[in-house]
Amino acid sequence: MTADPTASPPQFPPIDDALRARLAADVHRPRYHFLPEANWLNDPNGLIQWQGLYHLFYQYNPHGAFHGTIHWGHAVSADLVHWEHLPIGLHPTPGGPDQDGCWSGCAVDDDGVATLIYTGVRGPDQLACVARSTDDRLIAWEKYVGNPVIAAPPPDLDLVAYRDHSVWREDGVWYQVIGAGIRGVGGTALLYRSPDLLQWEYMHPVLVGDIKATDPVWTGEMWECPDLFQLDDRHVLMVAAWNDHRLHYSAYMVGEFEDLRFKPQHGGITDPGDSFYAPQTMRDDQGRRLMWGWLREDWSGDHQREAGWSGAMSLPRELFIRPDGHLGQRPVPELQMLRGIQMSDTNIVLGDEPVRWIAVDEASEIIVEIELGDATYIDLDVRCSEDDEERTRITFDRAAQTLGVDRTRASLLHAPVMPLTVGPHPLAEGETLRLQIFLDHSVIEIFGNERTAHAVRVYPARRDSLDLVAHARGGHARIVQIDMWDLDSQPQRDSLAATRVE
Ligand code: FRU
């Protein structure tokens, strides 16, 4: 290992008072989702619990709200909810194999030494590099003098790209998969093994996708950010399906990992909203598998630069295998500590006539349980203006067993690239629809029956786009119970979180 030659903190444009004031006043900037103090964020990286604290690293550009000169931002939390910003973890070393960027990677515990495996970018090369921590707070990192630790991709494969790392240890041997795509064939995750995290031997692809296959989902030309892990009695391979011309999304496969090859049994899109991408997972000391993903913006690049910030982290989600073999997701219970002022209502019949609650806080949580009755669609409009000119509609379609979000009218200012997003949401016979909705300014994260997740970005123009409106179509349904909490409630506020219009 060698001390990083640029170890003295590099200088970045300061976050000056004017920018700070602009960010604080920005009505679209999330308040309780994690994001850096300013500038650009993309993938979560290096997730690890160290001496009881959760460390979150992330792709970060300290020079502005655009993707460029990627560093590893760093934050720490004791409770998964409140994050403290720490100094930048990794920065490109001039003249080094990561001089053009420290791209995505992971963290492992190498017998008491926190160790990062990440992609160093130099010109066209994107190669595995290693850095080891030298302090308990994971603030100081020494890059390995022999970086990159893998000199080149396997020579006999014709790859469209090769980067990002998932590393684990089994029976004293380190394994990693690196994301790649075989030209004309499909995405893949290439398996390596090592005795020491420094010398790596290429083995084989754990799985190769089929660029033509659309069942269960199209997984693209290349797999970014592969993450291979055990979950309950199965294994999961999560990949960021990348392609040149279609929207990117995260896909999961649940299956068996046998003889060092992955055999998928079930699969799908991790989050059908168009924002959630490049997730990474970690196992914590309670044995939970936790996942964060990058919630990218929907604004134009110019708008993001102008705003001075871009990208937020999803809420931490706990993963599990559902009885139907698919991947289940639910928000971690720690988030309940954010709850402030509460409003509750029970037993409300839903039909064509809208039921409306006014002035739901821009940072709030809504939990609603609905008996479907004989209704065919249930609509919940959030961020809805008084005259419904702006609204984001969440719809459960009973016949199709889907949960969708319609942002066609979400904003007078902004036309979403993909206004309609929809994903499977199967309910058992007689099961109630239970939605847990997190509103955080431009972020909406919806969890359905503690098993599916759907995140979108919305940028309402009107300040009164705060109402929640519910109705049922095709028949009647019944709200068994609805609870709402302000999540950023100020102690001096004593009004209710929201009020139902009678
Ligand atoms: C995914 C990704 C990774 C890469 C990183 C660069 O969003 O493109 O493949 O390592 O972001 O910031």
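A few points about this structure:
- Residue check, GLN286 open to solvent by 10 Å² or more (accessible area, probe 1.4 Å), out of contact with any strand residue (DSSP E or B) (no Cβ under 6 Å at 6 or more places or on another chain) and more than 16 Å from the ligand (Cβ to nearest atom): yes
Residues are listed down the side, and each one gets a yes or a no for (1) touching an Asp or Glu at 6+ places or on another chain (Cβ under 6 Å); (2) without any contact (Cβ under 8 Å) to a residue 60 or more places away in the chain:
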| position | (1), (2) |
| --- | --- |
| GLU386 | yes, no |
| THR392 | no, no |
| THR395 | yes, yes |
| VAL405 | no, no |
| PRO416 | yes, no |
| PRO426 | no, no |
| ARG434 | yes, no |
| HIS441 | yes, no |
| PHE447 | no, no |
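- Count of residues meeting criterion [at pLDDT 95 or above, away from the ligand (no atom under 13 Å from the Cβ) and of a type outside the set (Phe, Trp, Tyr)] in the range 213-231: 3
- Among the candidates ALA240, ALA161, residue that is surrounded by fewer than 18 Cβ atoms within 10 Å (Cβ to Cβ), within 16 Å of the ligand (Cβ to nearest atom) and at pLDDT 95 or above: ALA161
- Residue within the range 146-154 that is out of contact with any strand residue (DSSP E or B) (no Cβ under 6 Å at 6 or more places or on another chain), touching a residue at least 40 places away in the same chain (Cβ under 8 Å) and open to solvent by 20 Å² or more (accessible area, probe 1.4 Å) present: yes
- If the condition is being aromatic (Phe, Trp, Tyr) and either within 13 Å of the ligand (Cβ to nearest atom) or on the phi > 0 side of the Ramachandran plot (or both), then the range 243-276 contributes TYR249, PHE276.
- Matching residues, the range 322-344, being assigned to a strand (DSSP E or B) and either open to solvent by 30 Å² or more (accessible area, probe 1.4 Å) or under 30 Å from TRP40 (Cα atoms) (or both): LEU327, GLY328, GLN329, ARG330, PRO331, GLN342, SER344
- Looking across GLY430, GLY423, one residue alone is on the phi > 0 side of the Ramachandran plot and among the small types (Gly, Ala, Ser). It is GLY430.
- Restricting the range 306-321 to residues that are in a strand (DSSP E or B) and under 15 Å from GLY293 (Cα atoms), the residue that is most open to solvent (accessible area, probe 1.4 Å): GLU318
- Search result, residues across the range 78-98 that are in a strand (DSSP E or B) and either crowded, with 17+ Cβ neighbours inside 10 Å or aromatic (Phe, Trp, Tyr) (or both): ILE88, GLY89, LEU90
- Residues of the range 345-375 satisfying the condition of being assigned to a loop (DSSP other than H, G, I, E, B), at negative phi and surrounded by fewer than 19 Cβ atoms within 10 Å (Cβ to Cβ): GLY351, ASP352, GLU353, PRO354, ASP374
- Only listed residue being within 14 Å of the ligand (Cβ to nearest atom) and of a type in the set (D, E, K, R), chosen from ASP111, ASP79, ASP43: ASP43
The values are calculated or read from the model by the stated rules, or taken from the named source; none is laboratory data. What you see is a predicted model; the values in this text were computed from it and never measured. Here Cβ is always computed from backbone atoms with ideal geometry, including for glycine, and neighbour counts include all displayed protein chains. When the accessible area is computed, the model is the full protein with side chains, heavy atoms only, and any ligands, DNA or RNA have been set aside. Shrake-Rupley method; radii C 1.70, N 1.55, O 1.52, S 1.80 Å.
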